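Asks: Sharing a structure below in structure tokens format, with a few things to ask.
The values are calculated or read from the model by the stated rules, or taken from the named source; none is laboratory data. What you are looking at is a predicted structure, and each value in this text was computed from that prediction instead of being measured. Because the Cβ atoms are built from the backbone with ideal geometry, glycine has one as well, and the counts that use them run over all protein chains shown. These accessible areas exclude ligands, DNA and RNA; they are computed on the full protein's heavy atoms, side chains included. Shrake-Rupley method; radii C 1.70, N 1.55, O 1.52, S 1.80 Å.
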Amino acid sequence: QVQLVESGGGTVQAGDSLTVSCAASGITFSTYAVAWFRQAPGKAREFVAVLKWDGRTTDYADSVLGRFTVSRDNAKNTVNLQMNSLKPEDTAVYCCGADESRFSRAPENYMYWGQGTQVTVSS
């Protein structure tokens, strides 16, 4: 019954902006920490950003700090990742994860997952 669905991925050029979203059904996002991870071909999955249930406390990977912003819209049961000044190295499948009792950078701490949305940044 629980489902997370990412959307908003696409192909853009370096320097452009893009927003990906994670919409939930079956759970109420307002009580969950929601994190974003990404994985590029041939590379390990890496942490991108996380937003605590309070909608204020955040943590970002050094590679995206200052360029990406994570936020939530509880009325829409959605968490967004705003990506600015995109670089080719940001190219990856972006997935969201959620957990009611966790707030961390470790993917194993998240109970629910979406299947991801592809973001491609060309030079």
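Asks: How many nm separate the modelled label positions at residue 11 and residue 89, each set 7 Å beyond the Cα in the direction of the Cβ?
Replies: It is 2.3 nm.
Asks: Along each of the three principal axes of the Cα atoms of segment 29-75, give the extent in whole Å, ordering the values from largest to smallest.
Replies: 37, 20, 14
Asks: If the rule is a partner Cβ under 4.7 Å, which cysteines in the chain fail it?
Replies: 95
Asks: List the aspartates and glutamates whose alpha-carbon lies under 15 Å from that of residue 43, not counting same-chain residues fewer than 8 positions away?
Replies: Partners found: 89, 90.
Asks: Turning to a different aspect of this structure: May I ask you to rank 78, 58 by accessible area, largest first, using a 1.4 Å probe over the protein chains only? Working shown, then result.
Replies: Working: 78 20, 58 55 Å².
Of 78, 58, the descending order of accessible area is 58, 78.
Asks: Would you mind getting the Kirkwood hydrodynamic radius of segment 1-63 from its Cα pairs, rounded to one decimal in Å?
Replies: Kirkwood hydrodynamic radius for segment 1-63: 13.6 Å.
Asks: Is there a quick way to get the dipole size of the chain? I mean about its Cα centre, with the Cβ of Lys and Arg at +1 and of Asp and Glu at -1; what is the value in debye to the nearest 20?
Replies: 40 debye
Asks: Now a separate question. Under the definition of Cα pairs under 8 Å and six or more residues apart, what whole-number percent is the relative contact order of segment 1-76?
Replies: Reported relative contact order: 21 percent.
Asks: Now a separate question. Within the chain, what's the longest run with no trypsin sites (Lys or Arg not before Pro) in a DSSP loop and at most 11 other beta-carbon atoms within 10 Å? Give the range, please. Can you show the working numbers first?
Replies: On the way: sites that count: 43, 56.
Segment 57-123 is the longest.
Asks: Multiplying the sequence separation of residue 105 and residue 118 by 0.36 nm and subtracting their Cα-Cα distance, what value in nm do you get?
Replies: Fully extending the segment from residue 105 to residue 118 adds 2.6 nm.
Asks: Keeping all protein chains in the complex and leaving out DNA, RNA and ligands, what accessible area do you get for residue 108 with a 1.4 Å probe, in Å² to the nearest 10?
Replies: 140 Å²
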